[in-house]
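The values are calculated or read from the model by the stated rules, or taken from the named source; none is laboratory data. Only a predicted model underlies this, so the values are computations on that prediction, with no experimental measurement involved. Every residue, glycine as well, gets a Cβ built from its backbone with ideal geometry; the counts of neighbours run over all protein chains shown.
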Amino acid sequence: MLASRSDQRIKKPCRRKSLWSIEKMKIYTKLGDDGTTRLANGTKTGKDDPRVELYGTADELNSTIGVVLAHVGNDLADVRTHLILTQHVLFELGAELAGYYKDKEGSVIREEDISYLENAIDGFQSQLPELRAFILPGGSAAASFLHISRTVCRRLERKMASGLAATGSDGRPQVYPAALRYINRLSDYLFVASRYANLKAAQKEIEWQSREKR
């Protein structure tokens, strides 16, 4: 069950020694003052490296989800549960995009992560009115911030698609297909969750209208 896996992730974080260890983390090191940084595998690179952009965008997405959670009320307890798990998964994915591989082979993203999102989408869809037109982003605060997360997620997806064929200095893919599929599904989830948030807030969705047809 995904719930038990969520508990495991929260209560039993990885204890392996790595550059991602927080045991002796210092906030500033001055090592990046020259515009360089080190990937999680120790490789030194410029901060404008596409790989840095990848895990930086994953971090940005995770931060926007934190804003969503600050605006999610008790009526969206299911959304809160989904998003908290998602934040943990995104942190692991960000580490992978930075060159730290938790698994010896393949992505940290598992099929059950993708299925979890698909099941959540199906659950919301069963309660939502059929979508017959494009809708404008907005509505309740939670729905509006979910739309922002959705667009950041789409941006991460585009950057990951660009890195799909690239490999790192260790020969491993910069982006695994399973990771790209997860982010694609996550953007779908965020869209449907925004509609669900508006439904719970009794906010009417505004359909896009062509200016020529008004």
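Okay, here's what the table says:
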read-out	value
Among the candidates Ser107, Ser140, residue that is crowded, with 17+ Cβ neighbours inside 10 Å, in contact with an Asp or Glu (Cβ under 9 Å, 6 or more places away or on another chain), of a type in the set (Gly, Ala, Ser) and in contact (Cβ under 8 Å) with a residue 12 or more places away in the chain	Ser107
Search result, residues across segment 93-104 that are of a type outside the set (A, V, I, L, M) and surrounded by fewer than 21 Cβ atoms within 10 Å (Cβ to Cβ)	Tyr100, Tyr101, Lys102, Asp103, Lys104
Residue in segment 115-129 that is more than 25 Å from Ala58 (Cα to Cα), in contact with an Asp or Glu (Cβ under 9 Å, 6 or more places away or on another chain) and surrounded by fewer than 12 Cβ atoms within 10 Å (Cβ to Cβ) present	yes
Of all residues in segment 156-176 being free of Cβ contacts under 8 Å to residues at least 60 places away in the same chain and assigned to a helix (DSSP H, G or I), the one that is surrounded by the most Cβ atoms within 10 Å (Cβ to Cβ)	Glu157
Condition met for Ala133 (loosely packed, with under 13 Cβ neighbours inside 10 Å, small (Gly, Ala, Ser) and touching a residue at least 40 places away in the same chain (Cβ under 8 Å))	yes
Top-ranked residue in segment 184-214 [being within 29 Å of Thr57 (Cβ to Cβ) and without any contact (Cβ under 8 Å) to a residue 40 or more places away in the chain; ranked as surrounded by the most Cβ atoms within 10 Å (Cβ to Cβ)]	Ser187
Candidate set from segment 71-80 (those that are touching a residue at least 24 places away in the same chain (Cβ under 8 Å) and assigned to a helix (DSSP H, G or I)); member that is farthest from Ile121 (Cα to Cα)	Asp75
Qualifying residue in segment 133-150 (condition: farther than 11 Å from Ser194 by Cα and at pLDDT 95 or above)	no
